[in-house]
Every structure is written in structure tokens, then in C-alpha cells.
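Below you'll find the structure, written out as C-alpha cells, and then a few comments.
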Amino acid sequence: MHSLNYSVSDNVFRFPTDFDVELHLKEVKRDRYGHIHADARLVTPEGGVLALSHGDLESGHWRRNFAGQAAARNSGDQLRVENVLIEAVVALENDPAVPSQEQVFYQPKLLPVSHIIQSVPPPRLALVEGLYEKGTLQAIVAKPKVAKSLLVLGLAVTVSNGGGLWLDRKVTGGRVALFQLEDSARTISKRILEIASGQVCDQLLVHQPDTPFQINDQNYRAVVDACSGCSLVIIDPIIQASQVSDWNAASEVRAAYELWRRLARELDAVVVVVAHHRKQVGDFGDQIAGSIQGLATPDGIIELRRDSRLTKTQRKVSFVGRDWPDLEEQVIELDPETLRFNVVGYASTLTEDRKKQSAEQRADEVLDSLPVVQPGLSYSELTEKTGLGDKALRPALKILKEQDKIDTTGKSRSRINPLQFYRKT
């Protein structure tokens, strides 16, 4: 393919064609990834505009939309317009007026902070209220067989079915691209049908099961085109979708996550990657397998853990994010019928409830050990009879006293007439 000859006047790049129109490009510049963006117009000799759009000239999806506008206006050949756009990109690659990718990346650009503040766009629409903003890279992490795939699948179904609640947070509807790379077609179908209660929506796009997929610099544009229009992209797990030879190598892991973060920014979508925990103990990202870049690169991380104090279907969920407030840990429970997780409550509240319930149970045990007649049992006798230590016995006696279920005789610290406890009738 040859490059077009073109002229520049008033900062407008003008490309002639062989079908009596001109391609005009204004505000031509490269983004941070080196892709050429411009305000593009297809102009007739009479000054009419057949197509008008701003976008990434290197995006096949954008080129098709632009060429489609022109073809719809004059019944022209869409492919010819796409070829002109490609030839224009080739021509601009070596134009010194358009900064090269190396210049974009490596030249310092110091601006007054007021310019940056004024250029910041309005807050993005949240996909998950208070949690997932569009244009962000998120991670969900857990040990194997903790049901993290069911958690992200629940989010995918909720978004694609028009919205609802996920982790007790409001969810906005939209199109979803799901790359579930570990499960068979049978497993994926069964889970989606159960989670969606049979109400499957075509807004949920699934990568063909049992087909390998890995993102890289060569196929990145194809991934962008395939996921165009999606509000949510899920990659489960990232280890199968990224070309990394050593997950402990910081530069490799950073580059792998950076491709997915770049995708989130470019699509203005939420990209969720699923990763695994190591076997070791840790908190707030410490357990993420591989280099610490797996913790540093995502905008937010949700971690799932089993807990010996919870039931088999319950999980503890922790949150750590770049722009999140200090979110409390939650306890969620899997409904085996619907395969959805429901929020039970905050972990701290449930811990206090368990402590209170345990203390009340011990108080009942102590009450059963007390006689109903005076003088009752001394503290040492009660310790021996119940087998409870001081830390458990004193709170139990305090509860029984507050409930007016026991009374005492004698005096504290008296050897002659020691303090004794008996049950009220």
C-alpha cells in the first residue's frame, strides 16, 4: 500500500483521492500510546461533508464507522474510504509535524497545574456504584476453588441483563465481553443459565470456549475492535490471557497488566482480571502470586478468602483501591441454588455478634453450674466446676448479674467470708 501525497494549510492535512473527495484531518496528534488521532472530514468539491468524526485512525472499528457514514451519504464504496484512511496513516508516520511514538513517551512535558486541572474531564460514570469507575483496571484475587469465577460471572450477568445489585452496590447495565479461559462450554453455559435464571441476554459476549487467547502488542488493536462498545471486560484468569514467561519478573508482569489497563482507558470500560493467591498468609494484596506489580498496577483489588469462623459457603471480602475510601471487609454467602453471592454483613459486625453470642452461651453454662441455695459457690470453686479461665468466667458472671439471674453472699477478697455466687429462683 502506498502513502498519499498531501498538503497542509491552517493546520489542516488535506489528502486528495481518486473519487472526487478530499480527506481533511484537523488537530492531528498522537496519544500516549503513539496512535494517531484527528478530527476527520470527507469533503466534496462543493464543500459538502460526507463524513465527520473524531477518533483513532489506527482503529479498524473507527475506520469502518467513518467509511460507513460516507457510503450511506453517497452510496459509495466503503472499502475505498477505509483504504484512504489507512494510506493517510502511513503517510503521517514519517511526518515531523506529528510527534513520533518515542517523542511522545520520552520527552518531558511540564505544564502549569492549572492547565491539567482545567483539562480533567468530568467524573466517569460508575459501572458499580462506589467501586468500579469506567476506564479502570480492577483485579479479583483468591486462592483456587474459592469461587472467584462465580463472583465475576455474577457481575457479568448483572451488567448484561440491564443492571441490578452486586455486593450490595448498584450496577449499571451495558455490554460485556467475557474471556473465561479455564472452563468448558458446558460449565460456562450451565453457570450462566443458573445465575441468570434462564434469562440470557445477547449483551453478554463470550470468547469461544476451549479456544486459546493471549493479548499482546501485535493483536492489541484486534482486541480493542472486538471489545468496542463494551462497558465491562472480564479476563479469567490473567495468567492464561497474557504472554508472561516469568510471573516473578517485575517488568514482564507490569507490561502484561499495562496492556489490560490501556484497554480499559481506551474503551472507557471496566476491565476486571482474575488472579490467584499464593499459599502464604498475607493481607491486602500481599498474597497475589508473582511480582508485586500485580498489586501495584490495578486501580482496585477485591480479595476473597475462606475463614474457619465462617460456614463453607461464606467468604470474607476485602477491598483496597487507589481511589477507594477505607472500605470495611464484608462477608458474602454463596446461594447454591442461584450460584449468586449475597452480602451477609460487615465482617467486624459479625465478629462482634459471634463474640456476644459466645459470651452468652458461656453465661448459660455458668448459670447451670450454680446452686439455687445459699451460700453458693466461690469463684475458685466455680472455676474448677466449669473449667473456664478468668477471661471467660468474669464476663459470664457480669452478663448474669446484668440479667439479674444471680446473687452473691460474702465479701470480695475475704478469707473468712468469701464472695460466693448462687442462682436466683
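The values are calculated or read from the model by the stated rules, or taken from the named source; none is laboratory data. Please read these numbers as outputs of a predicted model, since none were measured by experiment. Glycine gets a Cβ as well: all are built from the backbone with ideal geometry, and neighbour counts include every protein chain shown.
Scanning the stretch 286-313 for residues that are more than 23 Å from residue 181 (Cα to Cα) and modelled with pLDDT under 90 yields 286, 292, 296, 306, 307, 308, 309, 310, 311. In the stretch 10-36, the residues that are under 16 Å from residue 47 (Cα atoms) reach residues that are among the hydroxyl-bearing types (Ser, Thr, Tyr) and in a strand (DSSP E or B) with C-beta atoms within less than 9 angstrom, at least six apart or across chains, in these pairs: 13/7; 14/7; 15/7; 16/7.
Within the stretch 394-421, residues that are more than 14 Å from residue 362 (Cα to Cα) reach partners that are of a type in the set (Val, Ile, Thr) with beta carbons closer than 6 Å, at six or more positions or on different chains, in the pairs 419/408; 420/409; 421/406; 421/408.
Mind telling me which of the residues 251, 242 ends up being at pLDDT below 90, of a type in the set (Ser, Thr, Tyr), more than 14 Å from the chain's Cα centre (by Cα) and surrounded by fewer than 16 Cβ atoms within 10 Å (Cβ to Cβ)?
Numbers: 242 fails: surrounded by fewer than 16 Cβ atoms within 10 Å (Cβ to Cβ).
Exactly one residue qualifies, and that residue is 251.
Would you confirm whether or not the stretch 19-39 contains a residue that is more than 24 Å from residue 266 (Cβ to Cβ) and surrounded by fewer than 14 Cβ atoms within 10 Å (Cβ to Cβ)? Among the residues of the stretch 19-39, at least one is more than 24 Å from residue 266 (Cβ to Cβ) and surrounded by fewer than 14 Cβ atoms within 10 Å (Cβ to Cβ), which makes the answer yes. If the condition is being within 15 Å of residue 270 (Cα to Cα), of a type outside the set (A, V, I, L, M) and under 15 Å from the mean Cα position of the chain (by Cα), then the stretch 155-169 contributes 158, 166.
Note on the stretch 191-215: among residues that are within 28 Å of residue 336 (Cβ to Cβ) and of a type in the set (S, T, N, Q), the one that is surrounded by the most Cβ atoms within 10 Å (Cβ to Cβ) is 203.
Only one of the numbered conditions (1) buried (at least 20 other Cβ atoms within 10 Å of the Cβ); (2) more than 24 Å from residue 319 (Cβ to Cβ); (3) not hydrophobic (A, V, I, L, M, F, W, C) is violated by residue 180, and that is (2).
Within the stretch 326-355, residues that are under 22 Å from residue 149 (Cα atoms) and without any contact (Cβ under 8 Å) to a residue 12 or more places away in the chain reach partners that are assigned to a strand (DSSP E or B) and among the β-branched types (Val, Ile, Thr) with beta carbons closer than 7 Å, at six or more positions or on different chains, in the pairs 342/332.
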